[in-house]
Every structure is written in structure tokens, then in C-alpha cells.
Amino acid sequence: MCPQFPDPPKPPRTQASPRALWDHIKAAYPFPDPRGADPATGLVAIEGDLAPERLLSAYAHGIFPWYNQAPILWFSPDPRMLLRFEDLRINRTLRKNLRRRRFDVRLDTSFSQVIRACAQVPRPGQEGTWISDEVIAGYEALHELGFAHSVEAFREDRLVGGMYGVSIGAAFFGESMFASESEASKVAFVHLARQLEAWQFDFLDCQVHTEHTERFGARECSRDEFLAILDATLERETRRGQWHFERDFAEFG
């Protein structure tokens, strides 16, 4: 039986080292130890809310929300799918699209459009979406605070692909992506991965295995290994605020 959450007071805003800050948030908005998650599903806890502090605590615990209807369900799967940037793979077709610059790729210019597009674009084998109005509001609040980010692919100033996620420490947690044109989300993903690598991020979390992320070079690791990597990355400063590309990564297609 998964525990339900109390409603704790909001933590005070204090200047602190990265480790002290995350320890404070995790203590103020506690979660069960993810090592005790349901072995079959990775379910850790039920209910709670999507307030920014709760979401940040979840990611710092190695947990993320995923549910189709109330109550909120919180997961920490085992194994976990991670992309380490030295493992990034780009196939021949994608390299051509990168070099041809079919898309204008931007960072943090259209977060609300991206998350709404992720909610609306039909996906093979899926009915409906888990990205509800409540989820959108929660991640938009994180974006306003500088912790959630989007990468966008435009064609003739029309948004045709993108991805959003959360960044804490030197980690990026990918949440969802969409494409209304072939290769658009893939081009956006590669640009993001290369910028994160340039910033010396430790990993891009892909949550669970998919053939799509495996083709990019993401690999499964145990939950214990993931939590150890996460613990180390929380020692690093969070790159908070609006992001911008610092170089043209298409030239390295």
C-alpha cells in the first residue's frame, strides 16, 4: 500500500549550497525511499500535488509523476533509461537533416506551446494523454522558476517539434516530445543533448526504455546506480533561468 502525502508548509527561501538546498527541499516535501518502489511497476507513492516544491523534491528523489487521472501516481522505475552524452548516436538521415538546417532550433522560447503540443499530438498505441491541465500548470510554474525547459524546432516560424523537461544539478529529466514534421523532434533532441554536453551535464534521463531513445544511445541502468549518479549530480549548481544555445550544433552533424 503506497503512502499518501501530508500537506507540509512551504520551505523558506534561503541561500544555501546545492547539496543543502536539495536536502532541505527533500526534507520539507518528503517522499518514500524509491528503493522500496513496487518491483513490477516502479510505483512509489500516491496523491500529493504538483506544486513546484513537490515536483523539485520528486526529481531530487529520483521520482517523477505519471498518471492518466486522479490520484497522482509517482514512479521510480528499475531499470532506468539514461543517455550519457559520450554515447549519443546519430544515424545518417538525421545527420543530413542537421547539416541541411531544415529546422530553426531554439531553447526556452515556447515552453507553453511545446507542453501543450505534447499533450495534443496523437501517439501510436496510446489513447488520450497523461499531460492534463494540472500537469501543464505544474510544469509551467517550474518553467517560470527557471527549472523546466523546452527545446523547439521551427520551420518557417511554425513550431513543428520539440521536447520539455526539468533540470536540477547537472541532470536533465526529459518528460515528453512531439513532432508534426518528420525528424523535427529528433533534431531538437540532438541539439539539446549537445548543449547539455557542452555545459558538462552528467546525463539526460529518459525514464523508461523505448526503441526511440535506445537508437540515440540511451542505456538502461539499475535504480541503485541511477540514484548514486543523481546524488552526485546534486552537488553541482543548477543552471537556472532561461537557456540559450551557445553555439551552432548543426555544423557538427
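The values are calculated or read from the model by the stated rules, or taken from the named source; none is laboratory data. On a predicted model such as this, the values are computed, not experimentally measured, just so you know. Counting neighbours? That spans all protein chains shown, and the Cβs are built from the backbone with ideal geometry, glycine included.
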For region 88-111, pairs from a residue that is under 15 Å from GLY217 (Cβ atoms) to a residue that is assigned to a strand (DSSP E or B), with Cβ under 7 Å and 6 or more apart or across chains, are none
With respect to ARG89, determine if the residue is over 21 Å from THR238 (Cβ atoms), crowded, with 16+ Cβ neighbours inside 10 Å and assigned by TED's automatic domain parsing to the domain that holds GLU181.
-> no
Could you please find all residues in region 182-193 being more than 15 Å from the chain's Cα centre (by Cα) and either among the polar types (S, T, N, Q) or assigned to a strand (DSSP E or B) (or both)?
-> SER182
Would you point out which residue out of ALA170, ALA179, ALA228 is surrounded by fewer than 23 Cβ atoms within 10 Å (Cβ to Cβ), of a type in the set (Gly, Ala, Ser) and within 13 Å of the chain's Cα centre (by Cα)?
-> ALA170
Any chance region 42-57 includes a residue that's surrounded by 21 or more Cβ atoms within 10 Å (Cβ to Cβ), aliphatic (A, V, I, L, M), in a helix (DSSP H, G or I) and modelled with pLDDT of 95 or more?
-> yes
Positions within region 49-96 being hydroxyl-bearing (Ser, Thr, Tyr) and closer than 21 Å to ALA193 by Cβ, in sequence order | TYR59, THR93
Checking VAL160 against (1) of a type in the set (Val, Ile, Thr); (2) under 15 Å from the mean Cα position of the chain (by Cα); (3) in a strand (DSSP E or B), which single condition isn't satisfied?
-> (2)
Unique match (being in a strand (DSSP E or B), buried (at least 21 other Cβ atoms within 10 Å of the Cβ) and of a type in the set (A, V, I, L, M, F, W, C)) among LEU196, LEU204 | LEU204
How many residues does region 231-249 contain that are surrounded by fewer than 19 Cβ atoms within 10 Å (Cβ to Cβ) and at pLDDT below 95?
-> 3
Boolean, ALA184 is out of contact with any Ser or Thr (no Cβ under 8 Å at 6 or more places or on another chain), crowded, with 21+ Cβ neighbours inside 10 Å and modelled with pLDDT of 95 or more = yes
Taking GLY165 as meeting all but one of (1) in contact (Cβ under 8 Å) with a residue 12 or more places away in the chain; (2) under 30 Å from PRO71 (Cβ atoms); (3) of a type outside the set (Ser, Thr, Tyr); (4) not in a strand (DSSP E or B), write down the number of the exception.
-> (4)
Criterion violated by TYR67 - all others in (1) closer than 25 Å to GLU152 by Cβ; (2) surrounded by fewer than 18 Cβ atoms within 10 Å (Cβ to Cβ); (3) in contact with a Leu (Cβ under 6 Å, 6 or more places away or on another chain) satisfied | (1)
